[in-house]
C-alpha cells in the first residue's frame, strides 16, 4: 500500500520516521529533496560516518550511537548494469544519478549501490552531500584508506574530520596532496610501514591537532620539531638532542602553545636517558601543584585509550615554562618519552 507521507502533518511524520530503522530512513532519504528536509527536521542525526577506501571499493558506515544502530553501504562502480533494475535519484546539490540498489540480507552490509563507472567522480560525493542534507551537522566524518603509495583517486568528500592511512607505503607528495584536499582535520593515524620521499618543514601534517604515526622512523625528529597541535604519539628514531631541543623550545620560546601530550617510543638509544633533563630545573611531584594522574584522551581516530595509559604521573618529574609559569611533567626511560602539560 502506498502512503502519501508528504500529505501528513509534522507530528505524524515525526512519529513514523522515529519508528523506522536506519536502513528504512536511508532509503527514504533517496526519494526526494522534500523527504530529506522532513528527516532533517526530525533530527535523526548520526554520530559519525566512515568512508573505507580500498582499491576499487568504497564502503560507507553510518553510526547512530544514541539509537544503538548502524548501517553499512557498499558503493560499486560498474561498466554497465547487469539488468535494468535501476532507478533515477536526485541526490545532493540536485544531481540526477542512475543507481541499482540491492538489499543484502546477510553479513554486515545493508545495501550495495551500483553506479556507472562514467559517474565515478560524481556519485560518492553526491551521496555524501545527500547525507549532509538529510542529517545536518555530523560530528565525525572519517576516512579509512588502504591504498597504494599514491593514494589513487579519492572521493570528493567534504568536512572530513579524521583519517586512518593504512597500507605498505605512501609517498610524501601524496600525503601533502591528500592533506591539501582534505584540510582542517582533528586527527590522523598513519599506520603505513614506510614514507617515501621528503616531508617538508611546511607540511600541513604538522598543523593537525592530534597525530599518531606508528612507524615514523627517521621522520620522528622532524615531526617532533614542527608539530603545532595538541597530542602527538610517535614511534621512531630519536636522539638525545631531539628531546633536549624539544624541551628547550617548550620552555624558552612561544612554540607548542597548544600542546597537551607527547608520547614517543624509540629503540637502540645511544644515551643515558637522565642526560636529557640535566640542564633543566626539575622538581618531584608536589600534590599542591598538580594531580597525581593526567586525564589522558589524545582524541585520535581508532587509538585505544584505557585505564593502563602511560600518564600515571606520580613518578614523573615537573618542569616549568619560563614565559607563563605553565607546568608540565616528563618521564624518560630506555624506550619511551612521555610529556604532558597541565591546565
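Read the figures in this text as sums done on the coordinates, not as results from a lab. Here the structure is a predicted model, which means the values were calculated and not measured. Cβ atoms come from the backbone with ideal geometry, glycine included; neighbour counts cover every protein chain shown.
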Could you state the principal axis extents of the C-alpha atoms in region 127-186, from the largest down, to the nearest angstrom? 36, 20, 15
The extension gain from residue 193 to residue 306, computed as 0.36 nm times the residue separation minus the Cα-Cα distance, is 38.2 nm
If I take R0 = 30 Å and measure r between the Cβ atoms of residue 322 and residue 218 in this structure, what FRET efficiency does the formula 1/(1 + (r/R0)^6) give, to the nearest 0.05? 0.45
Please arrange 280, 182, 115 by counting, for each residue, the other beta carbons lying within 10 Å of its beta carbon, fewest first. 280, 182, 115
Using a 7 Å offset from the Cα along the Cα-to-Cβ direction at both residue 275 and residue 11, what is the distance between the two label points in nm, to one decimal? 7.8 nm
Can you tell me the alpha carbon radius of gyration of region 197-343 divided by the globular rule-of-thumb value 2.2 N^0.38 Å? 0.99
So if R0 is 30 Å, what FRET efficiency would residue 282 and residue 173 give, r being the distance between their Cβ atoms, rounded to the nearest 0.05? 0.10
What do the square roots of 5 times the Cα gyration tensor eigenvalues come to for region 1-138, in whole Å, largest first, as semi-axes of the equivalent ellipsoid? 25, 17, 14
Determine, for each peptide in 245-257, 218-230, the mean count of other beta carbons within 10 angstrom over its residues, then list the peptides with the highest first. 218-230, 245-257
So what is the calculated 222 nm ellipticity per residue for the chain, using -39500 (n - 2.57) for each DSSP H run with n of 4 or more, over all residues, to the nearest 500 deg cm²/dmol? -6000 deg cm²/dmol
Distance in nm between label sites at residue 108 and residue 201, each 7 Å beyond Cα in the beta-carbon direction? 4.4 nm
Treat each spin label as a single point 7 Å out from the Cα along the C-beta direction, and report the residue 76 to residue 292 distance in nm. 5.7 nm
Could you tell me the center-to-center distance, by alpha carbons, between region 203-258 and region 6-85 in angstrom? 41 Å
Once the Cβ-Cβ distance between residue 343 and residue 180 is put in as r, and R0 is 25 Å, what FRET efficiency do you end up with, to the nearest 0.05? 0.15
Run the numbers for residue 137 and residue 65: contour at 0.36 nm per residue of separation, minus the present Cα-Cα distance, in nm. 24.4 nm
What is the Cα convex hull volume of region 1-80 when expressed per residue in Å³? 119 Å³
On full extension of the chain, what length is gained from residue 333 through residue 146, given 0.36 nm per residue of separation minus the C-alpha to C-alpha distance? 63.9 nm
Given (i) 47, 24, 15; (ii) 42, 23, 18; (iii) 53, 27, 15 as candidate values of semi-axes √(5λ) of the Cα gyration tensor in Å, which corresponds to the one derived from the coordinates? (i)
